[in-house]
Amino acid sequence: MTTCDRIPPRRGSRARRATWIALGLVAGAAAGAGGFRIAVPDYAWSFPRDHWAHEGYRTEWWYFTGHLDSKEPGARSLGFQFTIFRIGILPARPPFRSEWATSGVAMGHAAVSDLDRGEHRFSETVRREVPLLASFGLHPDPEIARVQGPAGTDGAWTLRWNGDGFDLEARDDAERFRMSLSTRAERPVVLQGPNGLSRKGDAPGAASQYYSVTRLATRGTVVLDGREIPVAGESWMDREFGSSELSEEQVGWDWFALRLDDGRDLMLYALRDRGGEAGVRNGSLVRPGGEVRLLEASDWSVRPLSTWTSGVTGATYPAKWRIEIPSEGLALVVVPDFSEQENVARTPRAPFYWEGSVSVLDGAGGRAGRGYVELTGYGERNRPPV
Amino acid sequence: MIRVFLRGLAAHFRAGRTLLILSVLGVALGVASVLSVQILNGSALGAFEGGLRAVSGEADLTILGKVPTVPDAWVREAMSERGVAAAWPVVRTPVKLEGPGGVFLDLAGVDVLAPVWFPWDVPPGEVAAALGAPGWAAVSEKLARERGWAVGDVFDVSSGSRRVRLRVGLLVDFRKVSPLAGDRLVVLDIAQAQDALGLEGAVHQVDVKLSPGASRAEVGERLARRLGPAAQVLTPEQRRSQAAGLLSAFRLNLTALSLISLLVGAFLVHTTTQAALVRRRAELGLLRSLGTTRRQVLAILVAEVALLGVLGTLLGIPIGYWAAAANVEAVSATLSNLYLLEGIGSLGLEPWVLALAVAVGLGGAVAGALLPALELSRRDTRALLAPFSLHERVGKAAPRLAVAGCAILAGTGVWYAGLGRGWRPAGFVVALSLLIALPAMTPWLLRTLCGRLRARGFGLAYGVKALGVKLGTTSFAVAALGIAVAMLVGITVMVGSFRRTLEVWIDATIRADVYVTTESWRRARETAVLDPAVVSALLRLPGVRSADRLRRTRAFSGERRIALVGRDVGMPGGEGRFVLIEGDRADAIRRVAAGEAAMIGEPLARKAGLGVGDRLPLTAPGGNFEIPIAGVYLDYAEEHGSAVLDLSALESRFGLAGLTNVDLYLEPGASPERIMDSIRGRFPDAPLELLSNRRLREEILEIFDQTFAVTRLLQGMALLIAVAGITLTLLVLARERVSELALYRALGASRRRILRVFLGEGVGMAGLGILLGVPGGVALAMILIRLVNRAYFGWTIVPSWPVAALARQAAVLLAAAAAASLYPAIRASRTPATELRRDDL
Amino acid sequence: MDPVLEFRSVSKRYEQEGGEDLVALREVSFSVPEGRAIAITGRSGSGKSTLLHLAAGIDVPTAGKVAILGRDLSRLDEGERTRVRRDSVGLVFQFFHLLSHLSVLDNVMLPAWIAGERDRDAEPRARELLARVGLGSRASSPVPKLSGGEMQRVAICRALLRKPRLLLADEPTGNLDDENGRRVMDILLRLGGEEGSALVYVTHSPDLASLADETWRLGSGVLDRP
């Protein structure tokens, strides 16, 4: 092999076309435009049917985050994320006689954080939604989603319904990790917002249908660097589907999903505008019995206590928070288990975000729970394409 | 020294204006020959490469199939391979633009969502339209301008029997990416392209981008193993050299021709330099006697010649470019008709070609001048002031040179008969040795023939005889003429023989009355499929006695790409379609029709070394297989090899449904024109192309003639150079023989008589050149027909001798020689008797 | 009867760049009757060659008149002068000026060819002339094989082939040794005299000059006739 045979690393090559940029601008068009369905207040929910994909929306995702502990000697503590996105460019598949006719793109994000060693691995796969590469099943077909893995890796990432919960499979040979997990819902579905309508702004379509399953018992195997690690733990699933949710002024959001040791589940999110102010703020608190209290903006406050700057992207994220919900008697400090949990895709100029395992501490500094925090839109020109 | 040089320069240029002009022209023509051919050769693949880059952009590897289409599952396979960063499918085929003008477009379907950078950007707002708006196509700005299209306009194209309506969705300047990219590129999203072309489930290629640090060779190998024997994994360089391989024979022949022209030009330069230098013997002798060293004299001479070379090169470059431009049409036509490549869009002048031209001009000038310059600078002072004895030396060396020439020729012949035969370019080596032997024999020939001539009287014959005297001067001109004539004769005979052979073959095999195909077939070939409804209607037309149904495709036999045809081999009355040179025809037809065997074309038989009884390897979608060969047929249509199977065998083995051509044989008395009209009447909208027997024959011969158009240009140039050599040589002779001419004048010769003598010398040179060149040309023709053709193309060409055409060319040459002699003859006749000097005559 | 050659006040000047004209001949007048042999002596540069050129019609005078057999050459155009020279003048040169690629016989035949005569007519006379000068057996020899004296004898045959009325010789013995020189002069005088040709020869040897009927001196362009 001669030296000229090897491909030189590309630095600063031309911006990637299509997917992200396309989505960004396409999605940034007026909400509800182009024939897509929009989120409505009177959506008729039906489970488990609504766990499957919904035709006609611009964006849809299945978002799993959780904590896994291994049972082997030298126990490991892992955090994980598994997400499948469906991004529509056209409201419906065009009627061409071709297996490549498509309405959009499917995407998968997976991450494993080794909490003991402070190592974070992230993988992304983006595939044109064609039967060959990515497909979304119809109820009651157990396969909800399948997306061909990232380049260089055999096989597809899958999301299946196993009757009680979801089975997840993701793999990236280049990042050298695999996850194969089976989950069982322990709590019922929580509709986030009135009838599951999550308002993001004033425009008619600036909302999503949003629900969560806050606790899922999780069991399975994680393979890191070739070593199989049997794991067990707990995860949280978020589901959203809608069209054109963010407005011009909104640049990103901060999202918290916390499982408190006292049995309560807390979900909070704040959409930030260009000035850094949180405009739309919503949340929910689930009590151990299952009762759901929807939190208004005035019910809670979040204050960042420190920051962290990424050496990879240069973005500065808030890195420690104080959350207060007086009416529930909650004064919590949320601390990232380690800083470097930023999800940066291999393709240059793809949007990046911070999604990491956090520990919840009470006012005295004692452990109060675990959770995941997602921070999007930080850094230069990093607006999420929703 | 510089001052001497510069002053001398001005004086010489003033005094010898004509000589200077002629010399510069000589260099210019040599440079122009080489340059024009190299430009054409270099540009030939420009559009192909440009098209590759415009569509495949960042691809490090391309996966093609040894079968026409590859399963789109290969995309997933490819992207799963370690080291691959991205893989995306491409569909590509030529289509015919509806409407007059015979315009073909290059339609490409790509995955607009692939995470790679294409050399053109689909603006984000357009992605949805590219995916969903029916007929959305990205079109080159130039094409849109030509056709008067704006974004939103629709246009129709046809592929086979399919008609597709496209809409201009985006204007792209492909040339920004790839300067030689053709403007015929039309890009669609792959879903739309598959839908339009009816290619569901299949793509033509999969492009692959590798991760940083991955090795092309290694990943390529793994991909090939993963995908199986039907896959070819190629780098962009390999793709280019595949296409270059298609053209290699064509380009090599062009280059060889240009080199012959160059050779002739070099001779001219030599004569030129002699012309310039011979005048200055006295001056140089004076310089030497004043103490100028040999090296300094040589330096002056070489500097002058270099200056000449520069002027000639500067003139030759635009002439060469113009000559290339004048032939672009013809070459493009050959590229598209024969090689199915896109024609030359624009002529590229790469720096290296320019550098080559300069090297040729300067180098040729200096090399040609070296001998006389060395001669003059080497001579001792006294001898310089005394007579020029180069002629004596050439005269003395003549027999040895002739023997050497014969020896080289004979030696090369022996080498070829033994070892050389296996080496492809061996034929060119033999031709080269011939072209060396010819000039080597010239001095001896001149001396002998002219010496034997009995010249009584002071006229034309006297002039011819005088050619044998100043051998140092006349040999070169006659040699150059000999080579030019040899080239002319050789190529005329070869082309004539080829054409005649082709005519005979056409007569035997082109027997159907009406040939039906689709409009896009000319360029698309295997993807241009006829609508089955049309086919069945054709077969049932009243007046049609029988029909030969054909499906043409490309296949791989081992590593060799060949044309594969499935047809109704057993069609009754159709034996004439095959002229076999090996195998029993009736038996072969029976076996092939039964699906048990295949027939192969002569070029394939020769190149692959296969014959009746051997097995032909083929790669089908299901894998590799072998089929026995029952016959070898003459085939002038496919340079790279062809094979014939029965139509049903082709369909079952290769899974190809549909026909590309239907040849109709009519009842006696039925009129082809009437049938064609009725077909058009029944299918007014179908993009069909109908040819009568007569028209097809004409077309084949037209394409043939067009292919050889360039050779005519080169022949013309060579002759021009050679004839200019006559003028120059006579001028030199006039100068060298000043005393002799003065003597004639002193003895009372009238100007007219001297004019006649010089005319005789000029025509004599042409005549001797013909005498030398005709046998040389005959030999060259046989070398081209038997050796070169066999090695590169594998065709049987029956030599035929177009005596009338050759006689005409000889007459033209003699007339041109007479015209070329006129000016020098007039100059010579003006020599006053007072020029009688002390020199020996 | 017209003299064979007549000069009347002939002058010849050559223009030179940036300087005075060179005067080669100054008011030269003479006439040479039939059969007469004239020797012209003088130093180099005295105009001897010029005089011969004018006499042969190769060049024309700047002033004055040159007549051959009564024909005024200055009235004739270049072609006619050439014809006169061809038919009436024979030339012998100091350096022989034979063509080495032709045989001895062919060299002698050259003037006949130039005049368009048929071989049949001219060849016997050529052979006869060669025999007369003792080179009959060398007719087919190539020229380079001959000695200087032999070459000049061949040249004389050439000059005499067409029986010219006027013989002009420019230093005919200049390149020969004494013995050959004498022999050549002898042949010139004898053969020329037999035909009745007038002979004008230029020489720098007083001995050779004395063989003529008259000796004239040419000095600085001026002819001095006793």
Name the residues in region A:179-192 that are touching a strand residue (DSSP E or B) at 6+ places or on another chain (Cβ under 6 Å), surrounded by fewer than 21 Cβ atoms within 10 Å (Cβ to Cβ) and in a loop (DSSP other than H, G, I, E, B), would you?
-> A:Glu186, A:Arg187
Assess whether B:Gly573 counts as being at pLDDT below 95 and in contact with a helix residue (DSSP H, G or I) (Cβ under 9 Å, 6 or more places away or on another chain).
-> no
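With region A:94-178 as the region, which strands (runs of 3 or more DSSP E) entirely inside it contain at least 1 residues that are more than 14 Å from chain B (Cβ to nearest Cβ), among the basic types (Lys, Arg) and under 27 Å from B:Ala214 (Cα atoms)? Before the answer, list the steps.
On the way: elements: A:104-114, A:119-128, A:134-136, A:143-148, A:156-161, A:166-172.
Because the criterion is at least 1 residues that are more than 14 Å from chain B (Cβ to nearest Cβ), among the basic types (Lys, Arg) and under 27 Å from B:Ala214 (Cα atoms), the strands (runs of 3 or more DSSP E) in region A:94-178 that meet it are A:119-128.
May I ask you to say which residue of A:Gly314, A:Gly289, A:Gly363 is farther than 28 Å from A:Ala206 by Cβ, part of a loop (DSSP other than H, G, I, E, B) and within 23 Å of the chain's Cα centre (by Cα)?
On the way: A:Gly289 fails: within 23 Å of the chain's Cα centre (by Cα); A:Gly363 fails: within 23 Å of the chain's Cα centre (by Cα).
Exactly one of A:Gly314, A:Gly289, A:Gly363 is farther than 28 Å from A:Ala206 by Cβ, part of a loop (DSSP other than H, G, I, E, B) and within 23 Å of the chain's Cα centre (by Cα), namely A:Gly314.
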Which one of these does B:Thr729 not meet: (1) assigned to a loop (DSSP other than H, G, I, E, B); (2) in contact with a Ser or Thr (Cβ under 7 Å, 6 or more places away or on another chain)?
-> (1)
Only one of B:Leu806, B:Leu813, B:Leu784 is modelled with pLDDT under 90, farther than 29 Å from B:Cys450 by Cβ and part of a helix (DSSP H, G or I), namely B:Leu784
How many residues are aliphatic (A, V, I, L, M), away from chain B (no Cβ under 12 Å) and not in a strand (DSSP E or B) if we restrict to region C:62-92?
-> 3
Restricting attention to region B:827-839, report how many residues are within 14 Å of chain C (Cβ to nearest Cβ) and either under 30 Å from B:Ile506 (Cα atoms) or not in a loop (DSSP other than H, G, I, E, B) (or both).
-> 4
Give the residue that is surrounded by the most Cβ atoms within 10 Å (Cβ to Cβ), with candidates limited to residues of region C:33-61 that are within 11 Å of another protein chain (Cβ to nearest Cβ) and among the polar types (S, T, N, Q).
-> C:Thr50
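Quick grid of which residues meet (1) at pLDDT below 90; (2) more than 17 Å from B:Ser475 (Cβ to Cβ); (3) of a type in the set (Phe, Trp, Tyr); (4) over 33 Å from the mean Cα position of the chain (by Cα):
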site: B:Gly411; (1), (2), (3), (4): no, yes, no, no
site: B:Gly420; (1), (2), (3), (4): yes, yes, no, no
site: B:Arg424; (1), (2), (3), (4): yes, yes, no, no
site: B:Ala455; (1), (2), (3), (4): yes, yes, no, yes
site: B:Leu460; (1), (2), (3), (4): yes, yes, no, yes
Have a look at B:Leu97, B:Leu105 and point out the one that is more than 14 Å from chain A (Cβ to nearest Cβ), surrounded by fewer than 23 Cβ atoms within 10 Å (Cβ to Cβ) and closer than 23 Å to B:Trp149 by Cα.
-> B:Leu97
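Taking B:Val84 as the residue in question, decide whether it is in contact with a Gly (Cβ under 8 Å, 6 or more places away or on another chain), facing chain A (nearest Cβ under 7 Å) and either closer than 18 Å to B:Thr235 by Cα or of a type in the set (Val, Ile, Thr) (or both).
On the way: in contact with a Gly (Cβ under 8 Å, 6 or more places away or on another chain): yes; facing chain A (nearest Cβ under 7 Å): yes; either closer than 18 Å to B:Thr235 by Cα or of a type in the set (Val, Ile, Thr) (or both): yes.
Considered against the rule, which asks whether it is in contact with a Gly (Cβ under 8 Å, 6 or more places away or on another chain), facing chain A (nearest Cβ under 7 Å) and either closer than 18 Å to B:Thr235 by Cα or of a type in the set (Val, Ile, Thr) (or both), B:Val84 comes out as yes.
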Return yes or no: is B:Pro68 assigned to a loop (DSSP other than H, G, I, E, B), modelled with pLDDT under 90 and more than 13 Å from chain A (Cβ to nearest Cβ)?
-> yes
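Can you find a residue in region A:194-211 that is of a type in the set (A, V, I, L, M), surrounded by 20 or more Cβ atoms within 10 Å (Cβ to Cβ) and either within 17 Å of A:Thr65 (Cα to Cα) or free of Cβ contacts under 8 Å to residues at least 40 places away in the same chain (or both)? Spell out the reasoning first.
Filtering region A:194-211 down to residues of a type in the set (A, V, I, L, M) leaves A:197, A:203, A:206-207.
Keeping just the survivors that are surrounded by 20 or more Cβ atoms within 10 Å (Cβ to Cβ) gives A:206-207.
Applying the additional criterion that residues be either within 17 Å of A:Thr65 (Cα to Cα) or free of Cβ contacts under 8 Å to residues at least 40 places away in the same chain (or both) yields none.
No: region A:194-211 contains no residue that is of a type in the set (A, V, I, L, M), surrounded by 20 or more Cβ atoms within 10 Å (Cβ to Cβ) and either within 17 Å of A:Thr65 (Cα to Cα) or free of Cβ contacts under 8 Å to residues at least 40 places away in the same chain (or both).
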Heads up, the helices (runs of 4 or more DSSP H) in region B:208-327 (entirely inside) with at least 2 residues that are at pLDDT below 85 are B:236-278, B:281-289
More than 25 Å from B:Ala249 (Cβ to Cβ), surrounded by fewer than 20 Cβ atoms within 10 Å (Cβ to Cβ) and not hydroxyl-bearing (Ser, Thr, Tyr) - does that describe any residue in region B:628-641?
-> yes
For region B:182-225, what are the residues that are among the hydrophobic types (A, V, I, L, M, F, W, C) and free of Cβ contacts under 8 Å to residues at least 12 places away in the same chain?
-> B:Ala217, B:Ala224
Matching residues, region A:338-358, being assigned to a loop (DSSP other than H, G, I, E, B), of a type in the set (Gly, Ala, Ser) and at pLDDT 90 or above = A:Ser339
Take region C:136-171 and flag every residue that is farther than 30 Å from C:Phe7 by Cα and of a type in the set (S, T, N, Q).
-> C:Ser137, C:Ser140, C:Ser141, C:Ser147
Across region C:85-110, what is the number of residues that are under 14 Å from the mean Cα position of the chain (by Cα) and closer than 11 Å to B:Ala749 by Cα?
-> 3
Verdict on C:Gly116 being closer than 30 Å to C:Ser141 by Cα, of a type outside the set (A, V, I, L, M, F, W, C) and crowded, with 23+ Cβ neighbours inside 10 Å | no
Over region A:208-243, the set of residues small (Gly, Ala, Ser) and within 17 Å of the chain's Cα centre (by Cα) is A:Ser208, A:Ser212, A:Ser235, A:Gly242, A:Ser243
All strands (runs of 3 or more DSSP E) inside region B:108-172 with 2 or more residues being surrounded by fewer than 22 Cβ atoms within 10 Å (Cβ to Cβ), away from chain A (no Cβ under 12 Å) and modelled with pLDDT of 85 or more = B:154-159, B:162-172
Per-region count, region A:131-159, residues in contact with an Asp or Glu (Cβ under 8 Å, 6 or more places away or on another chain) and over 24 Å from B:Val219 (Cβ atoms) | 6
Please name all residue pairs, on different chains or six or more residues apart, with Cβ atoms under 8 Å, provided the first residue is in region C:124-138 and is on the phi > 0 side of the Ramachandran plot and the second residue is part of a helix (DSSP H, G or I) and surrounded by 12 or more Cβ atoms within 10 Å (Cβ to Cβ).
-> C:Gly134/C:Arg153
Using the structure shown, decide if B:Glu761 is modelled with pLDDT under 80, within 24 Å of B:Val24 (Cα to Cα), crowded, with 21+ Cβ neighbours inside 10 Å and within 14 Å of another protein chain (Cβ to nearest Cβ).
-> no
Would you point out the residue of region B:692-748, among those that are among the acidic types (Asp, Glu) and surrounded by 19 or more Cβ atoms within 10 Å (Cβ to Cβ), that is nearest to the other protein chains (Cβ to nearest Cβ)?
-> B:Glu740
Over region C:93-121, the set of residues out of contact with any strand residue (DSSP E or B) (no Cβ under 9 Å at 6 or more places or on another chain), more than 8 Å from chain B (Cβ to nearest Cβ) and outside any helix (DSSP H, G or I) is C:Phe96, C:Glu117, C:Arg118
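The values are calculated or read from the model by the stated rules, or taken from the named source; none is laboratory data. Not measured: the values here are computed from a predicted model. FYI the Cβ positions are ideal-geometry reconstructions off the backbone, even for glycines, and counts take in every protein chain you see.
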